[in-house]
1. Could you list, ordered by first residue, the pairs with Cβ atoms under 6 Å in which the first is in the range 160-171 and assigned by TED's automatic domain parsing to the domain that holds Leu207 and without any contact (Cβ under 8 Å) to a residue 12 or more places away in the chain and the second is in a helix (DSSP H, G or I) and crowded, with 20+ Cβ neighbours inside 10 Å, at least 6 apart or interchain?
2. Tally up the residues in the range 173-204 that are within 17 Å of Ile150 (Cβ to Cβ) and acidic (Asp, Glu), please.
3. Give me the residue from the range 108-117 that is at pLDDT below 90 and within 30 Å of Thr194 (Cα to Cα) and, out of that set, surrounded by the most Cβ atoms within 10 Å (Cβ to Cβ).
4. Tell me, please, whether a residue that is at pLDDT below 85 and closer than 30 Å to Ala213 by Cβ can be found in the range 89-103.
5. For the range 160-197, give me the residue count where each residue is β-branched (Val, Ile, Thr), over 21 Å from the mean Cα position of the chain (by Cα) and modelled with pLDDT of 90 or more.
6. For the range 25-37, which residues satisfy the criterion of being among the aliphatic types (A, V, I, L, M) and over 16 Å from the mean Cα position of the chain (by Cα)?
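The values are calculated or read from the model by the stated rules, or taken from the named source; none is laboratory data. Quick caveat: nothing in here was measured; it's all calculated off a predicted structure. All Cβ positions, even for glycine, are placed from backbone atoms using ideal geometry, and neighbour counts span all protein chains on display.
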Amino acid sequence: MSVDFTFRPLDHATWQGDGRPSYKSCRFRAPYRDTLELLRRELRHLNVRQAVIEMDLTEGDIRIDGLPRANARYNSPRVRLSFELTDVGPVQYPCDTFSDHQDNIRAIAKTLEAQRAQTRYGATRRNQQYTGWKALPGGSATEVAMTVDIASAVVRRIGGGDPQEIRNSAAEYRTCYRRAVKACHPDTNGDEYTEDFQRLQEAKRILDKHHAA
């Protein structure tokens, strides 16, 4: 399973905190390509196919193919990773610990690696260790960057089914969507499901457009 990264300029309005007065020196020595491969490997273990990486640069620093330019100028080393996770929903990993954005990306990847170990050793269930990184409702980076893959994961998380089938089959999408609506509509399930229902409606907008194309 492949993992696709979407690179975007950092939305400072949704960054929690004012940043650090100073940054730590690099403690990693791995090449950047190895860092991205480590991140992909950890996301594959989580069955994540699409993730958003925000960095403190401008739209002009991102190439037509979606990757940052080699000569991109970064205003700060801030980095935030966002993706949709089964049993949890949208999660975000911000990091501005180190003085270089590549080191902060690796710090996020190593954090995911350590969290996966908790599942391996049986100390947590149903991805409990990831709930502390759950994205705040409204205006999150994953909402801005919702893709067809993320939308499919949202429908699957709430209504079940295979995200690949939800993406590829309009009939399967409609079946899973109807099941998801029954599972999270606030009128029948309570106000605590409002956030999930809003997320589902955004996924519906993306997938309706996808299947109509």
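1. none
2. Total satisfying the criteria: 3.
3. Within the range 108-117, the first condition is being at pLDDT below 90, and the residues that meet it are 115-117.
Right, trim to within 30 Å of Thr194 (Cα to Cα) and you get 115-116.
On the way: Gln115: 20, Arg116: 16.
The residue in question is Gln115.
4. We begin by selecting, within the range 89-103, every residue at pLDDT below 85; these are 89.
Then keep just the ones that are closer than 30 Å to Ala213 by Cβ; that gives 89.
The answer is yes; a qualifying residue exists.
5. Result for the range 160-197: 2.
6. If the condition is that a residue be among the aliphatic types (A, V, I, L, M) and over 16 Å from the mean Cα position of the chain (by Cα), then Ala30 is the only one that fits.
Yes or no, residue by residue, for (1) surrounded by 14 or more Cβ atoms within 10 Å (Cβ to Cβ); (2) in contact (Cβ under 8 Å) with a residue 60 or more places away in the chain; (3) not assigned by TED's automatic domain parsing to the domain that holds Asp196; (4) not β-branched (Val, Ile, Thr):
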| position | (1), (2), (3), (4) |
| --- | --- |
| Ala13 | no, yes, yes, yes |
| Ser25 | no, yes, yes, yes |
| Asp34 | no, no, yes, yes |
| Arg40 | yes, no, yes, yes |
| Leu43 | yes, yes, yes, yes |
| Val52 | yes, yes, yes, no |
| Met55 | yes, no, yes, yes |
| Pro90 | yes, yes, yes, yes |
| Arg106 | yes, yes, yes, yes |
